[in-house]
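Below: the structure, in structure tokens.
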Amino acid sequence: MTTSPERRYADRVEEFADRHPFLVDLALVAVLMGSATLGASLTLPGAEPPTQDNTAVVLLSVSCLALLKHRTHPRLVVAVNAVCATVVIGMGYLLTPLLLAPVMASLYWLATLAERRTLRGYGGITMVALMIAAAVSDSMNHVSLLLRTIGPFFWLLLPLAAGTMTRLRRAYLEATQARAEHAERTREEEARLRVTEERMRIARELHDVVAHHMALANAQAGTAEHLALVNPPQTKQILHDLTGTTSSALRELKATLGLLRQTDDEGSAPPEPAPGLARLPELVSSCASAGITVTVATEGEPQPLSPGVDLTAFRIVQEALTNVTKHAATQNAHVRFVYSGTRLLITVTDEGPPTVAVPEPVKGFGVMGMRERAHSVGGELRAGPRPEGGFEVSTALPLQPSVSGEETV
């Protein structure tokens, strides 16, 4: 993007003004002093100039030097300039914009820095004072009273309007910059939140895949070792199932980690579909090879699930059965599905004895991950020991995902 020479020159001037404000103010005061001096020397044709030249020069010098404090004391600067200009005009000097240049500059800077109420007060008093001075001055005796007063009114109104526009433009630019900075911070926060959520999702997937298949592989290997001498055919079958378990673990790990490497290239291979309840028979079969008998019961008319809810339901059942394999002192587990209205109720229980220690719901990442999964689709989850013995995981999931659900413990 190219920049015009005028824009580059203006940028350099603004940069110099920011670095050396006193030098800029001093140069402006010198220009205004020359303007006021020139204005004091003007008279109407045929009129005699006032004789108090030294007094006028002193007053104009004081008013111009006061402008050096306009950044820190804008109200005082306006008051000093208003008094000096009123006295000079009352002395009979011709009222012109050149003579009013210092007071007009002070009003402009006041409008850029002060609030509207302050501007109305100081600006109004200054305008009234100068209009009265112009009305009683004998420098324009042959001019009507209306023309005497309307001139200074519009001349002083000009810097007030220009300063107000400058202040509003400055406020608009500051507000725009603040909104841009806020939007940038919001985008960064949203990006960090999305990254955190994605990390949590991948962590849950990896935990479910690794924990489930490694628990099954450990159980299958232990069973095969126990039956190696007494039942070779069954041992061979278990080892065959162990190969399938590890292969399935590798496939799911590859699919999960493949999401981290997935790009938008047309030649990239499409990701494998997420698992769902359609793979429940495979899950039950793998548990059976580890020595856990799983019975599945369904109540109500099965309804189609959204992909997110289907994945959540499968992972919860998978994690619950994994916990049975690792922690429960039993070989039986029960999974029950109840389709009730717009919700799917899932219960996974085992038949462990009451005296067997069971994991608390707040310990480990398994139950925590199940709860997070249920809550992410607007569902609820409970996990804890049963009074009659064993452990129970129950969850209620909507058939379609929702973000308005609240999790319960």
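The values are calculated or read from the model by the stated rules, or taken from the named source; none is laboratory data. Just so we're clear, the structure is a prediction, and the values are computed from it rather than from any experiment. Neighbour counts run over all protein chains shown; Cβ positions are idealised from the backbone, glycine included. Each accessible area value is taken on the protein alone, full model and side chains, heavy atoms only, with ligands, DNA and RNA left out. Shrake-Rupley method; radii C 1.70, N 1.55, O 1.52, S 1.80 Å.
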Taking a probe of 1.4 Å and leaving out DNA, RNA and ligands, the stretch 91-146 shows per residue an accessible area in Å² of 47 Å²
Taking 56 Å as R0, compute the FRET efficiency from the Cβ-Cβ separation of residue 342 and residue 175 and round it to 0.05. 0.75
Rough spin-label spacing in nm, given labels placed 7 Å along Cα→Cβ, for residue 237 and residue 16: 9.6 nm
Taking 7 Å along the Cα-to-C-beta vector as the label spot, tell me the residue 228-residue 61 distance in nanometres, rounded to one decimal. 11.2 nm
So, in nm, how far is label residue 145 from label residue 279 when the simple model puts each one 7 Å beyond its Cα toward the Cβ? 9.8 nm
Quote the FRET efficiency, to the nearest 0.05, computed for residue 68 versus residue 186 with a Förster distance R0 of 41 Å and r equal to the Cβ-Cβ distance. 0.40
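Assuming R0 = 60 Å, can you tell me the calculated FRET efficiency for the pair residue 79 and residue 197, based on Cβ-Cβ distance, to the nearest 0.05?
On the way: r = 61 Å, r/R0 = 1.01.
Given R0 = 60 Å and the Cβ-Cβ separation, E is 0.50.
By average Cβ neighbour count within 10 Å, what is the ranking of 64-73, 23-32, 387-396, 174-183 from highest down?
Working: 64-73: 16.9, 23-32: 14.8, 387-396: 18.6, 174-183: 10.0.
With the highest mean Cβ count within 10 Å placed first, the list reads 387-396, 64-73, 23-32, 174-183.
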